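Working notes for the structure below.
The values are calculated or read from the model by the stated rules, or taken from the named source; none is laboratory data. No experiment lies behind these values; they were computed from the predicted model shown. All Cβ positions, even for glycine, are placed from backbone atoms using ideal geometry, and neighbour counts span all protein chains on display.
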Amino acid sequence: MLDNRNYISNENINITKLHQWRSLLNELKTEYKKETFINKIKIHFTFEKNSSNSKHIFKIPESKLINKDTALSYVKQLLANINLLLQANLKLDKWKKENNIEGLPLISEDKMWHYELQKKAKDDQLKGYFYNEIDLSLRHKAFLLATHYWEARWILETIDAIENNTEKGTGEIAIKKQWKRRSMLTPCFVATFYMAPSHFVRSQFQGESEEGKAIFEYFPLTNFIDLLIIDEAGQVTPEVSIPLFALAKKAFVIGDLKQIEPIWSIPPKIDTGNLSSLNIIESSQENELLDKLGFLASSGSIMKMAQNACEYETIINDKKENGLILLEHRRCNDEIINFCNELAYNGILKPMKGKAKADQIFPSMLAYHVEGVSEKKYNSRFNIKEVNAIILWLQQNKESIQKAYNINSIENILGIITPFASQKSELSKALVNAGYNINDIKIGTVHALQGAERSIILFSSVYSSKDEGTMFFDRDNKPNMLNVAVSRAKDSFILFGDTQIFNEMNKTPSGLLKKHLNIREMVY
């Protein structure tokens, strides 16, 4: 097509014009035997990229105008394509009516964003949005059909294995068949880095011992797993994760370098010494390069390694970032993720949930000033006054929360985060004494709650104004700790602590947090 307005896309098929063009092309076909055929074609076809002639509709290669036969063949091909489009559109209309679908699939990213933003302002987020419609109607049916199909396949394969006595073999062929049978029931197997390698091994006969017993050795099933998916990859050190890659054909590595980092057990100097003694590096520059690429056991992660190795790039603000970066954020209220956006992501995240609703029980970002005392216990800290303040606040607001969320118990919508294990222990004891079921409350340090989410997150900061030195969540001025803590909250993040320790004049994570908080005094 010459005119962009005539383009046919999945989201807008101009049926009227298709019929007009089909009639026009059929008329041209009838002119084939006349001497004027080529001239008639030139009225509506051009081989120029741009044409000012309003009658020109179609582009045609110049080679197709050599004679009438090549021109006719080109016209017939266009007619076939138009007929195919019209037939497909009729089938699509019929399918939509049968399945009560109103929308159309989108192929334009701009159009997709327009619809997504439109949905935020509407109560009915299903009607008219194609992917929402099929996701919430046909997907479940398709899933059930696929489930039962593979269950039947599993039954047939298992019967065959039992009849042929191959079910318990440990050789390569038998083990691979076992895993393929299991995959018919569940295609995804979950394991830790430490356990997975031991499950994907095969035996190989090595001969017999002097006593006549068979000797077997076990080898990994290299290049066997179709897809290795690593979740929370930002927390995994290279030496723990790399061996598992030998078992897989492809890897999908998911994580966030701005969230919880790995716990490194190798000091940097020992790491450098090991690399040097094994002749892997010869200079400090090589060590710096390995550090930058994420290879070091003292500072690296599999997420950093994967991101640097990934050929796919995401363009953000005219800059290229390695890997596919998920920019849409749907968990938290906009006020919550705006803090994380400013703290860790340079504003690239696109908040999709919207601001807090007018009837939300608590503000999205709230703090209660609790002037307590931070006490040391072993290598940890606790603050009893903050513990008591949280218990009191829960008692004061329990009924209001139950009513606001239409629930009988508040435990399932609560998360409590603290930087210190000792404070977690004190909170757990106090919650049990107050009659709460702590098995239903997500409670722990930031490390324990990465990946979790709750409607309301309570954060006990523990430190007091008398404590000296850098606070745990401001260490090295990294955003990771507070980024994770705050973004666990879907509706409200509520801090309990001495707000004097958060200085909004400082360019620190805690200083920025204070700028985003609504601060109140505790009512005792």
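Which is within 30 Å of Leu138 (Cβ to Cβ) and aliphatic (A, V, I, L, M), of Leu28, Leu72, Leu106?
On the way: Leu28 fails: within 30 Å of Leu138 (Cβ to Cβ); Leu72 fails: within 30 Å of Leu138 (Cβ to Cβ).
Exactly one of Leu28, Leu72, Leu106 is within 30 Å of Leu138 (Cβ to Cβ) and aliphatic (A, V, I, L, M), namely Leu106.
More than 25 Å from the chain's Cα centre (by Cα) and not in a loop (DSSP other than H, G, I, E, B): which single residue out of Phe216, Phe143 fits that description?
On inspection, the qualifying residue turns out to be Phe216.
Take Gly273 and tell me if it is surrounded by 13 or more Cβ atoms within 10 Å (Cβ to Cβ) and among the small types (Gly, Ala, Ser).
So Gly273 does not fit the description; no.
May I ask you to list the residues in segment 471-508 that are more than 33 Å from the chain's Cα centre (by Cα) and part of a loop (DSSP other than H, G, I, E, B)?
Scanning segment 471-508 gives Asp498, Asn503, Met505.
Among the residues that make up segment 124-138, is at least one of them exposed (fewer than 14 other Cβ atoms within 10 Å of the Cβ), at pLDDT below 80 and either among the acidic types (Asp, Glu) or within 30 Å of Ser23 (Cα to Cα) (or both)?
So far as segment 124-138 goes, yes, one or more of its residues are exposed (fewer than 14 other Cβ atoms within 10 Å of the Cβ), at pLDDT below 80 and either among the acidic types (Asp, Glu) or within 30 Å of Ser23 (Cα to Cα) (or both).
Among what's in segment 455-466 and is surrounded by 15 or more Cβ atoms within 10 Å (Cβ to Cβ) and in contact (Cβ under 8 Å) with a residue 60 or more places away in the chain, pick the residue that is farthest from Ala421 (Cα to Cα).
By that ranking, first place goes to Ile456.
Quick test for you: out of Asn308, Asn287, Asn279, Asn274, pick the one residue that is in contact with a strand residue (DSSP E or B) (Cβ under 8 Å, 6 or more places away or on another chain), at pLDDT below 95 and not in a strand (DSSP E or B).
Working: Asn287 fails: in contact with a strand residue (DSSP E or B) (Cβ under 8 Å, 6 or more places away or on another chain); Asn279 fails: in contact with a strand residue (DSSP E or B) (Cβ under 8 Å, 6 or more places away or on another chain); Asn274 fails: in contact with a strand residue (DSSP E or B) (Cβ under 8 Å, 6 or more places away or on another chain).
Selected residue: Asn308, the only one of Asn308, Asn287, Asn279, Asn274 that is in contact with a strand residue (DSSP E or B) (Cβ under 8 Å, 6 or more places away or on another chain), at pLDDT below 95 and not in a strand (DSSP E or B).
Residue-by-condition table, conditions (1) out of contact with any Pro (no Cβ under 8 Å at 6 or more places or on another chain); (2) over 17 Å from Phe473 (Cβ atoms); (3) of a type in the set (S, T, N, Q):
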| position | (1), (2), (3) |
| --- | --- |
| Tyr368 | yes, yes, no |
| Glu371 | yes, yes, no |
| Tyr378 | yes, yes, no |
| Ser400 | yes, yes, yes |
| Ile417 | yes, no, no |
| Lys429 | yes, yes, no |
| Ala434 | yes, yes, no |
| Ile438 | yes, yes, no |
| Ile441 | yes, yes, no |
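Could you please find all residues in segment 343-379 being over 24 Å from Glu116 (Cβ atoms), part of a loop (DSSP other than H, G, I, E, B) and among the hydroxyl-bearing types (Ser, Thr, Tyr)?
Passing the criteria: Ser374, Tyr378.
Got a number for residues in segment 262-292 being within 30 Å of Leu349 (Cβ to Cβ) and touching a helix residue (DSSP H, G or I) at 6+ places or on another chain (Cβ under 6 Å)?
Within segment 262-292, residues that are within 30 Å of Leu349 (Cβ to Cβ) and touching a helix residue (DSSP H, G or I) at 6+ places or on another chain (Cβ under 6 Å) number 1.
Taking the stated definitions as given, is Ala196 aliphatic (A, V, I, L, M) and loosely packed, with under 13 Cβ neighbours inside 10 Å?
no
Would you pick out the residues in segment 96-110 that are modelled with pLDDT under 75 and among the β-branched types (Val, Ile, Thr)?
If the condition is that a residue be modelled with pLDDT under 75 and among the β-branched types (Val, Ile, Thr), then Ile107 is the only one that fits.
Cβ-Cβ below 7 Å, separation at least six or inter-chain, first residue in segment 54-82 and polar (S, T, N, Q), second surrounded by 17 or more Cβ atoms within 10 Å (Cβ to Cβ): which pairs?
Short answer, once both residue conditions are applied: Thr70/Lys64.
So which residues in segment 311-342 are touching a residue at least 40 places away in the same chain (Cβ under 8 Å) and either in a helix (DSSP H, G or I) or of a type in the set (Lys, Arg) (or both), if there are any at all?
Arg331, Glu335, Ile336, Ile337, Asn338, Phe339, Cys340, Glu342
Can you spot a residue in segment 286-300 that is within 16 Å of the chain's Cα centre (by Cα) and not assigned by TED's automatic domain parsing to the domain that holds Ile457?
No - not one qualifying residue is present in segment 286-300.
Could you tell me whether Ser464 is farther than 18 Å from Arg488 by Cβ, in the same structural domain as Tyr368 (by TED's automatic domain parsing), not in a helix (DSSP H, G or I) and not aliphatic (A, V, I, L, M)?
Yes: the conditions hold for Ser464.
Name the single residue, out of those in segment 376-418 being among the aromatic types (Phe, Trp, Tyr) and crowded, with 17+ Cβ neighbours inside 10 Å, that is nearest to Lys466 (Cα to Cα).
Filtering first and then ranking leaves Phe382.
Hey, any hits in segment 291-303 for a residue that's of a type in the set (Gly, Ala, Ser), within 28 Å of Phe473 (Cα to Cα), in contact (Cβ under 8 Å) with a residue 40 or more places away in the chain and assigned to a helix (DSSP H, G or I)?
Restricting attention to segment 291-303, the residues satisfying the condition of being of a type in the set (Gly, Ala, Ser) are 294, 297-301.
Narrowing the set further to residues that are within 28 Å of Phe473 (Cα to Cα) leaves 294, 297-301.
Checking the rest, the ones that are also in contact (Cβ under 8 Å) with a residue 40 or more places away in the chain come to 294, 297, 300-301.
Imposing the further condition that a residue be assigned to a helix (DSSP H, G or I) reduces the set to none.
Looking through segment 291-303, none of the residues is of a type in the set (Gly, Ala, Ser), within 28 Å of Phe473 (Cα to Cα), in contact (Cβ under 8 Å) with a residue 40 or more places away in the chain and assigned to a helix (DSSP H, G or I).
Cβ-Cβ distance below 6 Å, separation of 6 or more or different chains: which pairs start in segment 154-182 with a residue that is within 14 Å of Ser203 (Cβ to Cβ) and end on one that is in a loop (DSSP other than H, G, I, E, B)?
Ala174/Thr166
Hey, can you tell me all the residues within segment 353-362 that are buried (at least 17 other Cβ atoms within 10 Å of the Cβ) and either of a type in the set (A, V, I, L, M) or closer than 17 Å to Val523 by Cα (or both)?
Ala356, Phe362, listed by residue number.
Sort out which residues of segment 500-524 are free of Cβ contacts under 8 Å to residues at least 40 places away in the same chain and either among the aliphatic types (A, V, I, L, M) or touching a Pro at 6+ places or on another chain (Cβ under 8 Å) (or both), and write them in order of number.
The one that is free of Cβ contacts under 8 Å to residues at least 40 places away in the same chain and either among the aliphatic types (A, V, I, L, M) or touching a Pro at 6+ places or on another chain (Cβ under 8 Å) (or both): Met505.
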